Structure formats: structure tokens, C-alpha cells
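What follows is one structure encoded as C-alpha cells, with my remarks underneath.
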Amino acid sequence: MRWYAVLFWIWVIGSLLALIWRRANPSSRPSSSTAAPAVDTSRDRVWAPPPSDGPLGPGFMPATTVSSESPGSAAVDRAHTLPELLAGITLPYGLVPLTQSSGSHDLATHIVVATSSAPADEVTQGLTDELERLGYTVSRTGQYLRLAEGSRGEVGFEVHPNAASVVDSGAPRFPTAAPGTVVVELRAL
């Protein structure tokens, strides 16, 4: 056997022994005040309300509450940005934002979220339940299309059961989504 093969096997055995030692003696690990924070392993994500005055000063977020009156009814404040409409929502099944999808350039009115932890029917029902918890009345407009109406305004969402199969003009609509990923498009209406 050549000298570098012997050196390699000594390194492998030494690494395995060090790993076993560390697993058996967790108190022997060096403590550091710069340790990485604990990772949130919950499946749900909570959206906080958007800041009214951001770090760039007053008006960082556009003023978006308007009053709409219909004959014979009192004025109702209605939000018309998606962050305002979805303030306080807990996204089910680990839905997280998906980047680089076509048509999602205006985050104030449109966002794309994705998950691979549940089928499309469960994601649709989970999101419907969550919007109802926020006070919306959700109606079905198609198999995977929903319209949520409430005092804040209207939110439409469409669930795509397999994001990799959705194309626009021959190009993938969600190029960063893995095959089998469930994608939800949320829009402020």
C-alpha cells in the first residue's frame, strides 16, 4: 500500500473517532457566545404587519388605506396591498416565498409561495382555513382558485399542484420550483 493511502485511512479513522467522542461527550464541546441561533423548525410561518415607518423614514411603506363608500352604507377602510391584506396570517404547510417566478414583480399586490410538504388539496384547504380565521369569507371559483372577501379587501389565490408543469409562452412560469412542488399565487384584488 502506498504511503498516501495509509495517511488517508489514518485520517478517516481519526475523524470517525473524533465524531464518536463528540457525540458521546456533548459537554466537551467548546461553548461560544457567537453560536448560531436555534433554527425554527415549525411548519407554519407568521407574517407580521408591514411597517408604517421603515428605517428609511416616514412613508417608507406607501399609504394604502382608502375609504370606499357604497350607497346606503357606512365607509369601510379597505387595504389594497397584499402585506396589509394578509397581516397576521400563518402560512400552513411551510409555505415560503418562491423567487424568480414570471409575473411576480410587484410584491405589493402579488406574491408566490411554495411547499413540498403537502399535496395541493391540503394546501388549498389550509390556506382557506387561515384566511377564514382572519375574517375573510372564502368562495371557490375553480378547482384550485379561491376568492377571499373581507373588511380589509379582497385576496385571490390560485394553487398549482405541480409547479414544474406550469408554462407561460413555452417558458417555465416557476423556474426555481422543483418538480412536484405545490405553488400558491396570492393577489390583492
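Among (1) at pLDDT 90 or above; (2) surrounded by 12 or more Cβ atoms within 10 Å (Cβ to Cβ); (3) assigned to a loop (DSSP other than H, G, I, E, B), there is one condition Phe60 misses while meeting the rest; what is its number?
(1)
Within region 150-173, track down each residue that is free of Cβ contacts under 8 Å to residues at least 24 places away in the same chain and of a type in the set (A, V, I, L, M, F, W, C).
Ala164, Val166, Val167
Criterion first (over 19 Å from Glu84 (Cα atoms) and assigned to a helix (DSSP H, G or I)) does Val123 satisfy it?
For Val123, the condition - over 19 Å from Glu84 (Cα atoms) and assigned to a helix (DSSP H, G or I) - is met.
Can you spot a residue in region 99-107 that is over 9 Å from the mean Cα position of the chain (by Cα), surrounded by 15 or more Cβ atoms within 10 Å (Cβ to Cβ), modelled with pLDDT under 90 and not small (Gly, Ala, Ser)?
no
The values are calculated or read from the model by the stated rules, or taken from the named source; none is laboratory data. Because the structure is predicted, anything quoted here is derived from the model rather than measured. When we count neighbours, we look across all protein chains shown, and the Cβ atoms used for this are built from the backbone with ideal geometry, even at glycine.
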